[in-house]
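What follows draws every value from the coordinates through simple rules; no lab data is involved. What you see is a predicted model; the values in this text were computed from it and never measured. In this analysis, Cβ positions are derived from the backbone assuming ideal geometry, glycine residues included, and neighbour counts consider all displayed protein chains.
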Amino acid sequence: MKILVTGSAGHLGEALVRSLRDEGSEVVGLDLLDSPFTSVVGSIADRELVRRCLDGVDAVLHAATLHKPHVGSHSRRQFVDANITGTLNLLEEAVAAEVESFVFTSTTSAFGRALAPPPGAPAAWITEDVVPVPRNIYGVTKAAAEDLCRLVHQDHGLPCLILRTSRFFPEEDDRDEVRTAYADDNLKANEYLYRRVDLEDVVSAHRLALDRAAAIGFRKYIISATTPFTRADLSQLRADAPAVVRRLFPDYEAEYERRGWTMFPSIERVYVNSLAREELGWAPRYDFRHVLDSLAAGADPRSPLSVAVGAKGYHPTSFGPYTTRR
């Protein structure tokens with residue numbers, strides 16, 4: 001199988017190319033940046049280039065995007081060009097090339113303001129049925145790109161699955177108050193309860209989506225570590241998250257105390273991955289239980305793939321809390 005991977009120099013793109021190459025697949029890696037995982041340097045906004053890259057391609061993994069860290073450094077027009085025009089180019093040229101399956105990497109950030117319940121309300125239970133209310137140009141363009149995927153599937157029958165991934169980047173949080181309050185490893189460990197996923201699990205979801213796209217046709221999936229919480233926990237999570245975590249993981253406090261870590265006092269949303277597990281057969285391995293067991297054993301809770309890919313950065317020079325590109 002010949003597969004086009006867009007964004008091949010990025011976190012997910014590199015991980016996808018690494019994994020596909022190891023499986024023996026023929027991979028075309030397309031990115032604005034040259035890298036050992038990029039075979040074609042250029043922009044997905046360049047339609048002629050996209051057309052050439054799709055020659056003989058059986059499937060597309062579309063991971064290229066401008067991200068949230070680019071909101072302060074790039075114009076809205078640049079977001080539209082990359083995230084909307086680029087996606088449309090890929091979709092329409094994939095139809096012309098008779099591509100068998102198309103997987104679009106979206107983001108849970110597209111939910112935007114729907115993730116924040118009003119004061120006093122329970123934590124939000126976030127499934128695919130929640131209607132996005134984007135809060136910035138990043139969310140707007142990703143939600144619009146999702147709509148383009150639906151439209152092209154409806155009009156042309158292109159099998160297209162959308163994976164809304166939660167956090168898997170290794171960089172620090174962009175909020176000053178969060179970085180001040182929590183050590184980075186502490187923050188990421190907490191997030192595995194409700195809003196983080198390991199890169200290796202993201203890759204496995206994409207591979208399964210490729211295999212299942214033709215049979216499913218069109219669907220959106222949340223790709224996040226399996227939460228230990230249920231709907232019955234939502235009110236207490238908002239009021240006293242440590243009490244819920246203590247009940248579910250009696251050993252967490254000792255491990256956190258040993259490291260000087262703290263749990264979030266409140267959790268306002270929970271990402272639910274049950275649809276991806278049921279329909280794709282996805283079985284994510286990295287969750288909060290895995291993190292605790294790894295910490296107790298003195299091991300790195302990250303997957304080998306996540307360690308190998310490492311931090312990428314988003315900017316050529318220092319920009320706020322974000323690392324620069326290697």
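Points to keep in mind about this one:
- Candidates Thr127, Thr87, Thr230: whichever shows maximal mean-square fluctuation once the chain is modelled as a Gaussian network with Cα springs under 10 Å: Thr230
- Secondary structure note: in the chain, about 5% of the DSSP beta bridges are antiparallel.
- Excluding same-chain neighbours fewer than eight residues apart, the lysines reachable from Lys68 by a Cα-Cα span under 16 Å are Lys142, Lys312.
- Largest-first principal axis extents, alpha carbons of the chain, Å: 56, 38, 38
- Annotation for Ser266 and Met1: the two label points, set 7 Å from Cα along the Cα-Cβ direction, are 4.5 nm apart.
- Residue list for the range 88-127, given a label point 7 angstrom along the Cα-to-Cβ vector of Ala214 and an amide N cut-off under 20 Å: 91-104
- Computed from Cα atoms, the angle from the helix 86-96 axis to the main principal axis of the chain rounds to 50 degrees.
- Where labels lie 7 Å past Cα in the beta-carbon direction, separation of Ala243 and Glu23 in nm: 4.6 nm
- Selected from Ser43, Ser25, Ser204 as most flexible by GNM, with the chain as the system and alpha-carbon contacts under 10 Å: Ser25
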